[in-house]
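Undergrad: First the structure, then my questions, so here it is.
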Amino acid sequence: MAHEQRGSPSLHPEGLQRLLAACQEAKRFAYCPYSKYPVGAALLTAEGKIFTGCNVENASFPLGVCAERTAIQKAVSEGHTKFRAMAISCNSRESYALPCGACRQVLREFGQEWAIYLTRMDGTYIQKTLEELLPLSFGPEHLSC
């Protein structure tokens with residue numbers, strides 16, 4: 001499997017394969033009757049638990065939710081806020097699965113240095129950090145509350 005790696009430390013090979021398989025499996029549950037663009041995400045907590053998510057579209061387009069935010073919301077709703085990695089998959093042969101701007105900001109809420117694995121349909125992936133995906137970002141540390 002070809003890959004490019006940068007940024008945060010890599011996961012152990014077995015853990016990475018588990019995370020990559022989980023995002024592929026999550027993609028199967030995507031509800032995307034309008035875009036026909038299924039996306040799956042798998043989020044690894046600091047404790048080693050994996051939460052998955054898929055995109056869920058809505059006829060009122062702004063009410064849809066991306067796979068990445070679904071996984072984050074599931075994890076946070078069960079008490080997890082420290083994350084090690086996320087893998088994201090889509091059905092593109094040409095480009096890697098890239099989180100939208102809104103998802104990048106939601107992920108940023110929980111730190112910048114965790115690994116993000118962006119995959120393609122053929123199983124290749126690249127590893128990035130959130131800082132690479134959202135440079136000069138705004139986060140909780142910028143608020144004085």
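Undergrad: What list of ³J(HN,Hα) couplings, whole Hz, do you get for the range 39-47 from phi and the Karplus terms 6.51, -1.76, 1.60, once you set θ to phi - 60° and write x for glycine and proline?
TA: Using θ = phi - 60°, the values come out as 10, x, 9, 10, 10, 9, 7, 4, 7 Hz.
Undergrad: Starting from the eigenvalues of the Cα gyration tensor, five times each then square-rooted, give me the equivalent ellipsoid semi-axes of the range 9-85, largest first, whole Å.
TA: They are 24, 15, 8 Å, listed from largest to smallest.
Undergrad: Kindly provide the Kirkwood hydrodynamic radius of the chain in Å, to one decimal, from all pairs of distinct alpha carbon atoms.
TA: 15.2
Undergrad: Pairs of Cα atoms under 8 Å, at least six residues apart: use those to get the relative contact order of the chain, whole percent.
TA: 24
Undergrad: Whole-Hz ³J(HN,Hα) for each residue in the range 92-99, computed from phi via Karplus 6.51 cos²θ - 1.76 cosθ + 1.60 with θ = phi - 60°, x for glycine and proline: what do you get?
TA: 7, 8, 8, 10, 7, 5, 10, x
Undergrad: Please list, by residue number, every one of the trypsin sites (Lys or Arg not before Pro) in the range 76-110 that is coil in DSSP and has at most 15 other beta-carbon atoms within 10 Å.
TA: Sites meeting the loop and neighbour criteria: K82, R93.
Undergrad: Let me ask another. Considering only DSSP states other than H, G, I, E and B, which GluC sites (Glu not before Pro) in the range 26-91 qualify as loop sites with at most 14 other Cβ atoms within 10 Å?
TA: Qualifying residues, ordered by number: E47, E78.
Undergrad: Still on this model: With viscosity set to 0.692 mPa s at 37 °C, what whole-number translational diffusion coefficient in µm²/s follows for the range 59-113 from Stokes-Einstein and a Kirkwood radius over Cα pairs?
TA: Estimated diffusion coefficient is 261 µm²/s.
Undergrad: Loop only by DSSP, 15 or fewer other Cβ within 10 Å of the Cβ. Give me the trypsin sites (Lys or Arg not before Pro) in the range 24-67 that pass, ordered by residue number.
TA: Taking the range 24-67 and a limit of 15 other Cβ atoms within 10 Å, the loop trypsin sites (Lys or Arg not before Pro) found are R28, K36, K49.
Undergrad: Separate question: Roughly how far apart, in whole Å, are the Cα centres of the range 73-145 and the range 33-70?
TA: 12
Undergrad: Separate question: The chain: longest stretch without exposed chymotrypsin sites (Phe, Trp or Tyr not before Pro) (DSSP loop, at most 12 other Cβ within 10 Å), sites themselves excluded?
TA: 35-137
Undergrad: Give me the net charge of A115's neighbourhood, meaning all other residues with Cβ under 9 Å from the Cβ of A115; Lys, Arg count +1, Asp, Glu -1.
TA: Around A115, the charge tally is +1.
Undergrad: Right, next: Rounded to whole Hz and in sequence order, give me ³J(HN,Hα) for the range 20-27 from the Karplus expression 6.51 cos²θ - 1.76 cosθ + 1.60, θ = phi - 60°, writing x for Gly and Pro.
TA: 5, 5, 5, 6, 5, 5, 4, 4
A short reminder: the numbers here are calculations on the coordinates, not readings from a lab. Treat the numbers as computed from the prediction; the structure is a model and nothing was measured. Positions of Cβ are generated from backbone atoms using ideal geometry, with glycine treated the same way; all protein chains shown enter the neighbour counts.
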